[in-house]
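The values are calculated or read from the model by the stated rules, or taken from the named source; none is laboratory data. Given the structure is predicted, the values throughout are model-derived calculations rather than measurements. Reconstructed Cβ throughout: ideal geometry from the backbone, glycine too, with neighbour counts over all protein chains shown. For accessibility, only protein heavy atoms count, side chains too; no ligands or nucleic acids. Shrake-Rupley method; radii C 1.70, N 1.55, O 1.52, S 1.80 Å.
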Amino acid sequence: MARLIFLILICLSAATMLGVEGGDPYVYYTWDVTYGTLSPLGVPQQVILINNQFPGPQINGSSNNNIVVNVFNKLDEPLLFTWHGIQQRKNSWQDGTPGVQCPIAPGTNYTYQFQVKDQIGTFFYYPTTGMHRAVGGFGMIRVFSRLLIPVPYPDPEDEFNVLIGDWYTKSHATLRKFLDSGRSIGRPQGVLINGKTAKGDGKDEPLFTMKPGKTYKYRVCNVGIKNSLNLRIQGHPMKLVELEGSHTVQNTYDSLDIHVGQCFTVLVTADKEPKDYYMVASTRFTKTILTGKGIISYANGKGPASPDVPEAPVGWAWSLNQFRSFRWNLTASAARPNPQGSYKYGGINITRTIKLVNSASSASGKLRYALNGVSHVDPETPLKLAEYYGIADKVFKYNLISDEPPASLEPLTVAPNVVNGTFRDFIEIILENHEKSIQSYNLDGYAFFAVAIEPGRWTPEKRKNYNLLDAVSRHTIQVFPKSWAAIMLTIDNAGMWNLRSMLGENCYLGQQLYFSVLSPGRSLRDEYNLPDTQQVCGLVKDLPKPPPFSS
């Protein structure tokens, strides 16, 4: 019922604002992005606020809605936002990464406009400039199914947003200075749940309140920059129903490992003694375990939460087995490539295999991270603009890396890292991690099939272990230490798309690349033209606008 009322209100408000009938509704937001002083871990520090909120306001829409966000940058630095997991079909112009957009200058505004085309699920947004994500500017994106499309579970009593993440008490400028000087940012100081952590002194306000006997939907995203986190609720199993835009087989878990950048949606039933309970998020795969807590109360419940907090599992083999238990719900109707499970990705011939090996090393005496020996840097002219204006050769070189990693990853090449992709090819990407720490990667513009994660090194013979039936279609995947992960996808979304480490330090210091996927016909059927409102900068600032794509 709550979902039905919400969707009706969206449609009515959009129609009123537009003054038109028919078409996909528009949903409007205006954001003032400012600095503020808060004490998430008890130490006053500078954070990034949106409309004076930390975390930022949620974005709500339903499948195929048009989202319009007018961002006023009141910081003292350039700013960009990305819409993590929103595929931006034909529209990389709105993706909000430095490779496609000029940053929003201080004291100015920019209006993002994009459609959540054929998508449902739990996503989030965050700033992609500098180290801004380390101090806020993030918030939840909720995309509901349209009313005519059934959801594979009863409507919950209510739903709650849960943004978990590790947290540093230093400013984003200080963290950036560390990285620019060649140093690491080190370990975080704590873990937050929705911007705070319970003290356990009896004075904590509850994060959420549940009515006895009712079932609630919890949307959970790891918005941190360093650590995988394990989430659990005292005495309350969690039924997984959606993972990064895909309905899943509804397995039940006592705890969930949620890696950096990942989002899960679970159902929790209030069927225990009416009292308080702790929601707990703690770091995984770290020598020192950091823990964040929040109170979940029962309405009219009596009694504090037990101090005996359930512990997280140990080791990454447990986490790997949990990944293997995630399955796409092939019987659920939803916004996806082809409903009812008829999209048989396992039967499509692979046209290209790209193997990427991450590394950490030194360039000119400073710490850098790389993929296949190339450490990415953002040029002053965004890559997509340079390509669109026909001056790519003045800004970057295509294919500095090959589809196979070199025999030696040294010495590093520090340059823009752009790989050409052939429109509509079905490709396989192998992410191989030779390091002792876990990795997490995101690919903009697409959902991919996460077909395998295994220890060791990848070889073609490993394909026999792929899940070619019901691997979850998603956009972020972890790679465990000394392990590899395989993903498969059709690169049918023309644009310039960022593949990046979701670890803030690694991404800032070069562990990312861009896929250039061009429409051979320069057709509006495949890609939108440069928007009239788009800012231009760098070498293209004073150039005449290229002829538009044809219809």
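Give the long-range amide H neighbours of Phe54: residues separated by 5 or more places, or on another chain, with amide H under 5 Å away, using H modelled in the peptide plane at 1.01 Å from N. Close amide H contacts, sequence-distant or interchain: none at all.
Going through the cross-link list Lys203/Lys287; Lys211/Lys302; Lys214/Lys293; Lys196/Lys275; Lys203/Lys302; Lys74/Lys545, which pairs have a Cα-Cα distance over 19 Å in this structure? Provide the component values of the computation, followed by the final result.
Details: Lys203/Lys287 30 Å; Lys211/Lys302 13 Å; Lys214/Lys293 23 Å; Lys196/Lys275 21 Å; Lys203/Lys302 14 Å; Lys74/Lys545 29 Å.
Long pairs (Cα-Cα over 19 Å): Lys203/Lys287; Lys214/Lys293; Lys196/Lys275; Lys74/Lys545.
Applied to segment 108-116, the Karplus parametrisation 6.51 cos²θ - 1.76 cosθ + 1.60 on θ = phi - 60° returns per-residue 3J(HN,Hα) values of 10, 9, 9, 10, 7, 9, 8, 10, 8 Hz, with x for Gly and Pro.
Can you work out D for the chain in µm² s⁻¹ from Stokes-Einstein, where Rh is the Kirkwood radius over C-alpha pairs, the temperature is 37 °C and the viscosity is 0.692 mPa s?
Values: Rh = 24.0 Å.
Stokes-Einstein gives a translational diffusion coefficient of 137 µm²/s.
Amide H contacts for Ser306 (H built 1.01 Å from N in the peptide plane; partners 5 or more residues away or on another chain; cut-off under 5 Å): Tyr278. With all protein chains kept in place, the per residue accessible area of the chain amounts to 39 square angstrom at a probe of 1.4 angstrom. Each peptide in 233-242, 26-35, 504-513 gets a packing score, the mean of other Cβ atoms within 10 Å over its residues, and the list from highest to lowest is 504-513, 233-242, 26-35. Ordered by solvent-accessible area of protein heavy atoms (1.4 Å probe), largest first, the residues Val143, Val314, Val249 come out as Val314, Val249, Val143. Listed by chain and number, the aspartates and glutamates whose C-alpha is less than 12 Å from the C-alpha of Lys117, apart from same-chain residues fewer than 8 away, are Asp24.
Normalised Debye scattering of segment 175-246 at q = 0.14, 0.19, 0.23, 0.24 Å⁻¹ gives log10 I(q)/I(0) of -0.70, -1.06, -1.31, -1.36, counting only Cα atoms as equal scatterers and leaving out solvent. Note that segment 135-150 has calculated 3J(HN,Hα) couplings of 10, x, x, 10, x, 7, 10, 10, 10, 8, 5, 5, 4, 7, 9, x Hz, one per residue in order, obtained from phi through the Karplus relation 6.51 cos²θ - 1.76 cosθ + 1.60 (θ = phi - 60°); glycine and proline are x. Counting only protein heavy atoms and a probe of 1.4 Å, the accessible surface of segment 39-98 is 45% carbon and sulfur.
What shape does segment 410-551 take by its C-alpha gyration tensor, where a ≥ b ≥ c are the square roots of the eigenvalues and a/c under 1.5 counts as rounded, a/b above b/c as prolate, and the rest as oblate? Taking the square roots of the gyration eigenvalues as a ≥ b ≥ c, segment 410-551 is oblate.
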